[in-house]
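Visitor: A single structure is presented below for examination.
Read-outs throughout are calculated quantities, based only on the coordinates presented, and are distinct from any laboratory measurement. Small disclaimer: the values here were computed from a predicted structure and weren't measured. As a convention, Cβ positions derive from the backbone with ideal geometry for all residues, glycine included, and neighbour counts pool all protein chains shown.
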């Protein structure tokens with residue numbers, strides 16, 4: 001019997017790349033997404049990103065347009081499919097927006113998750129891979145950040161929502177010995193599948209650095225805003241641990257394999273990063289090299305909720321999951337550029 | 001125009017005593033409650049506790065059986081009534097049970113609250129009094145606990161749910177200058193209205209000390225379980241800051257008056273306690289004196305999630321709200337006993 005994975009938020013950037021690797025690894029996929037952040041052609045039953053995933057893998061998946069907060073629709077999916085494990089990506093993810101619309105973030109990210117976990121419990125599914133974030137570490141107390149770093153004291157509602165869900169998952173595992181939960185704490189996912197067929201396609205002006213750079217390179221935006229140039233970092237701009245989306249997706253496959261094969265119960269959190277920090281200006285330079293384009297940028301004030309420097313110690317994931325990042329800053333920029341120049345307007349055909 | 005207060009969870013112990021004081025202060029009350037923890041006579045449209053509040057005050061209130069997680073029913077209440085302020089009591093509150101059923105606690109306490117806040121926003125109501133708890137202070141770092149004490153690091157899902165909601169409220173106030181939020185951090189509410197007509201009426205075996213003692217005194221339970229006698233406290237039992245429910249209810253009236261009259265926006269938290277700590281054995285002794293009954297008790301192991309000692313510095317509430325506790329341990333025990341002996345089975349007529 002094939003192990004079936006329910007992927008929530010599977011139409012998005014991280015979800016779609018992960019589904020691709022999950023299908024390649026031989027698992028079956030049922031995907032739910034409310035499509036608030038993804039392109040869906042009028043009248044189409046499946047978002048464009050997932051159609052392309054089917055083409056790339058030559059496999060098919062089942063898709064439902066479901067919002068997790070709609071308890072009945074979600075439960076109908078569990079009723080229809082025998083789910084062995086859930087990989088939970090569905091969430092709002094823009095730090096700045098979360099400060100402006102905290103309730104929306106808490107509802108989507110916390111209420112949605114708890115309704116999902118309740119459904120899992122009721123349908124007897126206790127394997128869970130959670131899309132967490134390095135933001136759960138809050139104010140950075142030491143570097144590199146390993147999994148012993150305190151969590152909490154998060155600087156934005158987005159970060160808090162990720163942290164609160166981790167706490168809920170810990171409590172759930174403490175309440176019952178049925179649950180196996182792996183929380184993957186992403187540092188900064190960037191890049192695209194090397195085919196150039198799927199990639200990051202934010203609605204509106206991008207909130208994250210790489211899609212912003214890429215849209216400037218392709219001429220869709222005039223100039224990049226660099227938020228904060230007075231941080232206590234080598235060049236004054238924020239330093240992050242960028243992780244190639246394909247590496248990150250493979251990390252999920254390793255986590256799923258662990259849940260499928262091991263009988264270990266409880267809550268486990270692993271950093272997903274390369275262990276190297278690059279500044280915003282480093283990334284601009286690398287992207288200029290990869291694309292041959294000049295990136296215009298302007299230095300603007302810091303954004304609320306951003307931290308100066310963050311990079312991981314990712315050795316625990318190597319030890320426990322047998323996973324390590326393989327791809328560097330060059331592949332991150334080249335693959336982003338390939339996706340962007342082949343899809344200047346993302347998934348939409350203009 | 002009368003100021004109208006929507007009281008959530010108004011049928012419960014704290015809610016009903018507060019409604020009584022709110023009505024006495026001249027405000028109008030609309031109450032919603034899902035009645036999961038209150039006695040409601042078959043076919044009755046209003047729970048017994050609130051019928052008695054109406055009798056005691058000679059005023060009437062509007063009651064709806066609504067669960068906050070039912071978005072549509074809740075919004076219907078806002079559509080029907082012009083609400084000026086919400087006093088939010090609806091929550092599950094048993095520390096031990098929360099460790100066993102964390103999801104239930106997070107759904108009720110967090111999802112319910114965020115759906116309520118969303119409705120308030122949509123209907124233009126931005127005054128909020130939150131029923132918080134001293135458990136938000138987590139591991140006690142200094143005594144007495146004042147409002148500068150760090151919050152978080154809570155030891156139970158119940159405590160975390162109270163803490164998370166405070167964080168949501170802070171973020172909401174930071175996101176918009178419309179909100180005025182007062183969070184009242186209760187220490188340990190005990191006692192009953194001096195009429196003996198309303199009081200604490202837990203379902204099943206009580207989780208809190210005073211109703212347990214009272215049920216032993218009245219012969220409904222054979223013996224009291226004292227959870228933990230090896231704490232680092234004078235007599236080894238847990239020390240708490242007990243606050244008379246009528247004092248606490250008056251604290252809410254002061255908070256509502258502040259919200260009605262002042263134009264101050266933002267998030268404010270105040271301790272609601274007496275500033276004095278009493279041990280479990282102190283309370284047993286005081287109750288024996290008030291009731292003339294002997295209380296049988298047995299020492300049993302600690303409960304998960306309980307802290308050894310907790311008492312407040314309540315001077316900030318005195319300063320900011322003009323509120324101070326008036327009633328002592330004697331009134332707490334006498335009033336509890338009056339309620340218990342006149343209503344040996346709580347609100348249910350057996």
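Visitor: Need one number: % antiparallel among DSSP beta bridges in the protein assembly as shown, to the nearest 5. Provide the component values of the computation, followed by the final result.
Guide: Values: 4 of 82 bridges.
Bridges in the protein assembly as shown that DSSP calls antiparallel: roughly 5 percent.
Visitor: Provide an ascending nm list, one decimal, of label-point separations from residue A:104 to the equivalent residue in each further copy; define each label point as 7 Å from Cα along Cα→Cβ.
Guide: From this label point to the equivalent ones elsewhere in the assembly: 3.4 nm.
Visitor: Quick one: grab the alpha carbon gyration tensor of the range A:70-171, order the square roots of its eigenvalues as a ≥ b ≥ c, and give me rounded if a/c is under 1.5, else prolate or oblate depending on whether a/b is larger than b/c.
Guide: Because a/c hits 1.5 or more and a/b fails to exceed b/c, the range A:70-171 counts as oblate.
Visitor: What ranking, highest mean first, results for peptides B:311-320, A:131-140 when packing means the other Cβ atoms within 10 Å averaged over each residue?
Guide: Packing proxy ranking, top to bottom: A:131-140, B:311-320.
Visitor: Any idea what angle helix A:157-175 forms with the longest principal axis of chain A, computed on alpha-carbon atoms, 0 to 90 degrees, nearest 10?
Guide: Compared with the principal axis, the helix lies near 30 degrees.
Visitor: Once you order the gyration tensor axes a ≥ b ≥ c over the Cα atoms, which shape class does the range B:153-209 get: rounded for a/c under 1.5, otherwise prolate or oblate by comparing a/b with b/c? Walk me through the intermediate numbers first.
Guide: Numbers: a/c = 3.54, a/b = 1.76, b/c = 2.01.
Taking the square roots of the gyration eigenvalues as a ≥ b ≥ c, the range B:153-209 is oblate.
Visitor: From the label point of residue B:285, set 7 Å from Cα along Cα→Cβ, how far away are the matching label points in the other copies, in nm, ordered shortest to longest?
Guide: Residue B:285 label point versus its equivalents elsewhere: 7.4 nm.
Visitor: Hey, with R₀ at 51 Å, roughly what FRET efficiency would residue A:223 and residue B:70 work out to, going by the Cβ-Cβ distance, to 0.05? Don't skip to the end; give the middle numbers.
Guide: Details: r = 48 Å, r/R0 = 0.94.
Step by step, r from the Cβ atoms, then E = 0.60.
Visitor: A further question on this structure: To test your reading of the geometry: what angle, between 0 and 90 degrees and rounded to tens, separates the Cα axis of helix B:329-342 from the longest principal axis of chain B?
Guide: 90 degrees
Visitor: Hey, another quick one. For peptide A:129-139, compute the average count of partner chain beta-carbon atoms within 10 Å of each residue's beta-carbon.
Guide: 0
Visitor: Starting from 0.36 nm per residue, how many nanometres of slack lie between residue A:60 and residue A:122 once their C-alpha separation is accounted for?
Guide: Going from the current span to full extension adds 19.6 nm.
Visitor: Just for chain A, what percent of DSSP beta bridges are antiparallel, to the closest 5?
Guide: 5 percent
Visitor: For a test of the definition: using alpha carbon positions, the gyration tensor, and the 1.5 limit on a/c, classify the range B:194-331 as rounded, prolate or oblate.
Guide: Here the range B:194-331 falls in the prolate category.
Visitor: Same structure, new question: Which parts of the range B:237-274 would a label at residue B:146 reach, counting a residue when its backbone N lies under 14 Å from a point 7 Å out along Cα-to-Cβ?
Guide: Once the point is set 7 Å along Cα→Cβ of residue B:146, B:270-271 turn out to lie under 14 Å by backbone N, inside the range B:237-274.
Visitor: Let me ask something additional. Once each part is reduced to its C-alpha centroid, what is the distance from the range B:5-19 to the range B:279-350 in angstrom?
Guide: Comparing the Cα centres of the range B:5-19 and the range B:279-350, I get a distance of 19 Å.
Visitor: With contacts defined as alpha carbon pairs under 8 Å and 6 or more residues apart, what's the relative contact order of the range A:197-350 in percent?
Guide: 37 percent
Visitor: Under a GNM of chain A (C-alpha, springs under 10 Å), which listed residue has the highest mean-square fluctuation: A:118, A:288, A:147?
Guide: A:118
Visitor: Between residue B:316 and residue B:260, what is 0.36 nm times their sequence separation minus the Cα-Cα distance? Round to one decimal in nm. Don't skip to the end; give the middle numbers.
Guide: Numbers: separation 56, 0.36 × 56 = 20.16 nm, distance 1.94 nm.
So the extension gain works out to 18.2 nm.
Visitor: Report, for residue A:204, each distance to the same residue's label point in the other copies, shortest first and in nm; define the point 7 Å along Cα→Cβ.
Guide: 4.6
Visitor: Additional query: Return the distance in nm (one decimal) between the two label points of a simple spin-label model at residue B:298 and residue A:139, each offset 7 Å from Cα along Cα→Cβ.
Guide: Modelled inter-label distance: 4.8 nm.
Visitor: Can you tell me the relative contact order of chain A? Whole percent, Cα pairs under 8 Å, sequence separation 6 or more.
Guide: Numbers: 725 pairs, mean separation 68.8, N = 350.
20 percent.
Visitor: Moving on. When chain B is treated as a GNM, springs tying every alpha-carbon pair under 10 Å, which of B:38, B:161, B:229 comes out with the largest mean-square fluctuation?
Guide: Among B:38, B:161, B:229, the largest mean-square fluctuation in the Gaussian network model of chain B belongs to B:229.
Visitor: Between residue A:79 and residue A:178, what FRET efficiency comes out of the Förster formula 1/(1 + (r/R0)^6) with R0 = 25 Å and r the beta carbon distance, rounded to 0.05?
Guide: Values: r = 20 Å, r/R0 = 0.80.
Computed FRET efficiency for residue A:178 and residue A:79 comes out at 0.80.
Visitor: What is the distance in Å between the Cα centres of the range B:180-240 and the range A:123-202?
Guide: The two parts, judged by their Cα centres, are 38 Å apart.
Visitor: When you look at the Cβ of every residue in A:167-176, what mean number of other chain Cβ atoms sits within 10 Å?
Guide: Taking all residues of A:167-176 together, the mean is 6.
Visitor: Moving to a separate point now. Roughly how tilted is helix A:71-80, in degrees to the nearest 10 and between 0 and 90, from the longest Cα axis of chain A?
Guide: On a 0 to 90 degree scale, this one is about 60.
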